[in-house]
Amino acid sequence: MREYPFGALPHAPRASLQEGRVKQRRVLIAAFVAALIVMRAEAAAASQTHVTQFGETLWSVAGTPDPGVLPRDIPSRGTKWASGVIAAAARYVGVRYRWGGMSPAGFDCSGFIGYVLRSVNVIVPRTTYTMWVQGAPVPRDQLRVGDIVFFSTTRPGPSHAGIYIGGNQFIHASSGFGRVLVTSLDHRYYRPRYLGARRF
């Protein structure tokens, strides 16, 4: 789904795209380190384990569950899985945006999410709207690496999405920027359009 009207953002020359890719990789490394620090601190602070029923599977959840989110709460899959998500997503920084794209030849936002998460053994629906409907809701203050963040851009409801990578950053295939990149959730365009997050 296109999140900007056509022509809303200027396209950068090729040389500045290369510089942008280097900068994006640095941002990814910083986000990864920040995510590891946060996850290790949370693991150390967890005092007990609770078991939550989700479908036919029992999940072990560290710490005290939030009654406002259960019973659809799905726990974060841990540091090793989170590092796999970031590493998989980082490979595609700079890959061009292509509407309907689902491969490194070109991605749209939901195609990028599906491709990256499949590489770490999580299957998600194809479209942004279906991801929104089928995922487990996650409050913003409980975001974890690998959660999908949604924005209302071209119309009411979910029309753009990306993968949360920690440090208040998400990685996404942007039609406006024309490529896969890392962006802050507080970016002037995305902050007022933030809709919520889902976990699979």
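The values are calculated or read from the model by the stated rules, or taken from the named source; none is laboratory data. Bear in mind the structure is a predicted one, so any value in this text is a computation, not a measurement. We place every Cβ from the backbone using ideal geometry, glycine too, and count neighbours over all the protein chains shown.
In segment 128-162, the qualifying residues are those that are touching a helix residue (DSSP H, G or I) at 6+ places or on another chain (Cβ under 6 Å), crowded, with 22+ Cβ neighbours inside 10 Å and small (Gly, Ala, Ser), and the one that is farthest from Arg193 (Cα to Cα) is Gly146. Summed over segment 127-163, the residues that are under 21 Å from Trp99 (Cα atoms) and touching a strand residue (DSSP E or B) at 6+ places or on another chain (Cβ under 8 Å) give a count of 17.
If the condition is being farther than 19 Å from Arg77 by Cα, of a type outside the set (Gly, Ala, Ser) and crowded, with 24+ Cβ neighbours inside 10 Å, then segment 163-178 contributes only His172. The condition (being surrounded by fewer than 14 Cβ atoms within 10 Å (Cβ to Cβ) and either at pLDDT 95 or above or of a type outside the set (S, T, N, Q) (or both)) is satisfied by just one residue among Pro104, Pro125: Pro104.
Listed here are the strands (runs of 3 or more DSSP E) enclosed by segment 136-200 that have at least 2 residues being touching a residue at least 12 places away in the same chain (Cβ under 8 Å) and of a type in the set (Gly, Ala, Ser): 160-166, 169-174, 194-199.
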